[in-house]
Structure formats: C-alpha cells, structure tokens
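Asker: I have a structure I would like to understand better, so I am pasting it below and will then ask my questions one at a time.
The values are calculated or read from the model by the stated rules, or taken from the named source; none is laboratory data. In this text the structure is predicted, and so the values were computed from the model without any measurement. FYI the Cβ positions are ideal-geometry reconstructions off the backbone, even for glycines, and counts take in every protein chain you see. In case anyone asks, the SASA skips ligands and DNA or RNA and just uses the protein heavy atoms, side chains included. Shrake-Rupley method; radii C 1.70, N 1.55, O 1.52, S 1.80 Å.
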Amino acid sequence: ACSVAREGLEDSRRMLAALRPEVLEQRALPEALGRVCQEWSRRTGIQGKVSVTGSAFALHPDIEVAVLRGMQEALTNVARHSEAKSAAVTLSYMEDIVVLDVQDDGKGFLLSAAEGNGYGLSGMRDRVKRLRGSFSVESVPGEGTTISISLPAMVTSTSEVVTNGLTV
C-alpha cells in the first residue's frame, strides 16, 4: 500500500509540474519569456526579441502559463510556416489587462486558409477563452502575421487575481 501511495504521489507531482512550466517556477514572466525566446532563436536561427511595456506585476499562475504557452505556440508557428527572418514578442502590462503580441516578418497567409488546419491556433484560442480573454490573428500574404492575446488580470491586495469579476 505504501508503494502504491508513493507512486501515486510521484505521478501527481509530475502532472503538477507539467501544468506549471519549470521556467516560470524559476523566473518572473518577462524573464521567462525572454529565456524561452532566446532559446527558440538559437534553435531556429530566426532572430527573436522580447520587449515589455508597462510595469510588470505578478499574475495568477494560470494567466502566466497561458501567456507563456501562447508565445511558445506562436513562435512554433513562425518557425514552421512563416519563412520569417525575425519575430518580435511584446508583453504589455496595463492597469487591468496583460497583452501578448507576437509579430513576424514572414510570408503571411489568408486567414480563411488556416481554418481547421492543426491545433495550434485553435488551442491558443481555447486556452485564452477559458480565462475570459481575447485572441486575434492578423495576417496579410507577403506582410507577416501578428497574434495577439489579451487577458484580464488584476492583482488584489491579497495577491489573488481577479479576471472578469471571478477570483482565481
């Protein structure tokens, strides 16, 4: 029984670790994005740059994971599909929202052509929707693509995050 309990505990710990990426355990969100983008650039040969606007503040872990995963998926799409030379990631902290924009200088695409293809864009959209945020893609053939994720996030005095009136 002890052995089974120990295995169950180890499985639970692995699942929890998978939910919260290690890079976010070790760093604040802006630094984590910079680290992931730097590694992506090294791996793909595409120049990536992260910039932060506004004053950074702590977000609920679910919001931070959604931002990080959104950036990772957007950069994966840049490397796979865009033929871009560079990508710019901007994380903007505003009074009650945080916005992530990932813009590339690649070949762009017709948005109608992306409908139903793969899980990347729909997965991002679903993750953001669950957190009551907004998701958009702007792309013009020959002019690159911009993916934007906006998540309502406000830190209360007790460090709880309130999103659209729901304490998370």
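Asker: Using DSSP to define loop residues, name the GluC sites (Glu not before Pro) in region 73-143 whose beta-carbon has at most 15 other beta-carbon atoms within 10 Å.
Answerer: 83, 95, 115, 143
Asker: Just subtract the alpha-carbon distance of residue 143 and residue 47 from 0.36 nm times their residue separation and send over the number in nm, one decimal.
Answerer: Full extension of this stretch gives 32.9 nm more.
Asker: Counting Lys and Arg as +1 and Asp and Glu as -1, what is the net charge of the other residues whose Cβ lies under 15 Å from the Cβ of residue 42?
Answerer: Its environment carries a net charge of +2.
Asker: 7 Å from Cα along Cα→Cβ at both residue 39 and residue 57: what's the point-to-point distance in nm?
Answerer: Between residue 39 and residue 57, the simple spin-label model gives 2.9 nm.
Asker: Rank these residues by their accessible area, most exposed first, probe 1.4 Å: 37, 2.
Answerer: Descending order: 2, 37.
Asker: Check each of the chymotrypsin sites (Phe, Trp or Tyr not before Pro) in region 1-103 and keep only those in coil by DSSP with at most 15 other C-beta atoms within 10 angstrom; list them in order.
Answerer: Answer in residue order: 57.
Asker: Compute, for residue 112, the solvent-accessible surface of its heavy atoms (probe 1.4 Å) with the complete set of protein chains present, and express it in square angstrom to the nearest 10.
Answerer: The accessible area of residue 112 comes to roughly 90 Å².
Asker: Any idea how far apart residue 28 and residue 132 come out in nm if each label point goes 7 Å out from Cα toward Cβ?
Answerer: Output for this residue pair reads 2.6 nm.
Asker: Below 25 Å, Cα to Cα, which lysines can residue 49 reach? Residues fewer than 8 away in the same chain don't count.
Answerer: Hits, sequence-local ones excluded: 85, 107.
Asker: With every protein chain kept in the model, how would you rank 55, 3 by accessible area, 1.4 Å probe, largest at the top?
Answerer: Highest to lowest solvent-accessible surface, that is 55, 3.
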